[in-house]
C-alpha cells in the first residue's frame, strides 16, 4: 500500500464518517457540523482527483452556501440546543433498507457501465474551459438545465432556512 492509497482511504473515511454521524447523531447543530465535514471531504476528494473546478464548486455551493444557511437557520430557531426525537424502529429499518437498496443499485450501475466518454468517443478533458463551455451550452451535450437547477436549489434552501428561522407568534388566550 502506497501513500496515494492511504490518502484516498483517509479522505473516504472522513466522508463516510461525517455522513454517518450527520444522520445518526441527535443534536441538530452537531449533525450540521458533521454534514459540513462530509462535504469538505468530498471537495478534498475532487482536489485529490485533480478536478479543481468541481472542488471549488463543491466548496462554494454546498459548504459555503447550503451548509452555512442550514447552520444559520439552526441558530435562529429557539430550540437550537435541544436533541431531536429518536426515530421509530420501523422508520429506521425502512430507511436502512432503502439506503442498502440504493447502494446496491448504484454499485450495479457503476459495474455495468463503460467509462464516461464524450460524444465523439474521446475521454473528456477536465479543464475549466471545457467544463464551463459544457455547463453553459444549450446543445445536446450542454448542462445549462442542471446549472439553473443548482440556482433553484440554493433559492429553495434559503426559503427553507427563512421558514425554519421564523418564530411562531405567541398565542394569548384571554378569559373575557
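Go over the candidates 3, 70, 74, 11 one by one and state the one that is over 21 Å from residue 147 (Cβ atoms) and surrounded by fewer than 17 Cβ atoms within 10 Å (Cβ to Cβ).
Numbers: 70 fails: surrounded by fewer than 17 Cβ atoms within 10 Å (Cβ to Cβ); 74 fails: surrounded by fewer than 17 Cβ atoms within 10 Å (Cβ to Cβ); 11 fails: surrounded by fewer than 17 Cβ atoms within 10 Å (Cβ to Cβ).
Just a single option satisfies the conditions, and that option is 3.
One line per residue, one yes/no per condition, for (1) within 16 Å of the chain's Cα centre (by Cα); (2) closer than 15 Å to residue 62 by Cβ; (3) touching a residue at least 24 places away in the same chain (Cβ under 8 Å); (4) not in a helix (DSSP H, G or I):
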site	(1), (2), (3), (4)
6	no, no, no, no
10	no, no, no, no
18	yes, yes, no, no
43	yes, yes, no, no
47	no, yes, no, no
Original post:
Inside region 140-153, can you point out the residues that are in a helix (DSSP H, G or I) and over 16 Å from residue 62 (Cβ atoms)?
Top reply: 144, 145, 148
**OP:** Return only the number of the condition from (1) touching a helix residue (DSSP H, G or I) at 6+ places or on another chain (Cβ under 8 Å); (2) modelled with pLDDT under 80; (3) in a helix (DSSP H, G or I); (4) farther than 28 Å from residue 162 by Cα that residue 73 does not satisfy.
**Re:** (4)
**OP:** Quick one: residue 31 ticks every box in (1) touching a helix residue (DSSP H, G or I) at 6+ places or on another chain (Cβ under 6 Å); (2) surrounded by fewer than 14 Cβ atoms within 10 Å (Cβ to Cβ) except a single one, so which number is it?
**Re:** (2)
Original post:
Considering 21, 16, 90, which residue is at pLDDT 85 or above and surrounded by fewer than 16 Cβ atoms within 10 Å (Cβ to Cβ)?
Top reply: 16
**OP:** Please name all residue pairs, on different chains or six or more residues apart, with Cβ atoms under 9 Å, provided the first residue is in region 52-65 and is at pLDDT below 85 and the second residue is exposed (fewer than 15 other Cβ atoms within 10 Å of the Cβ) and not in a helix (DSSP H, G or I).
**Re:** 52/126; 53/126; 53/127; 54/126
Subject >> Single unsatisfied condition, residue 99 versus (1) at pLDDT 80 or above; (2) surrounded by fewer than 10 Cβ atoms within 10 Å (Cβ to Cβ) >> reply: (2)
Subject >> The one condition in (1) at pLDDT 75 or above; (2) more than 24 Å from residue 9 (Cβ to Cβ); (3) part of a helix (DSSP H, G or I) that residue 137 fails to fulfil >> reply: (3)
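The values are calculated or read from the model by the stated rules, or taken from the named source; none is laboratory data. As the structure is a computational prediction, the values presented were derived from the model and not from experiment. Note that each Cβ is placed from the backbone with ideal geometry, even for glycine, and that neighbours are counted across all protein chains shown.
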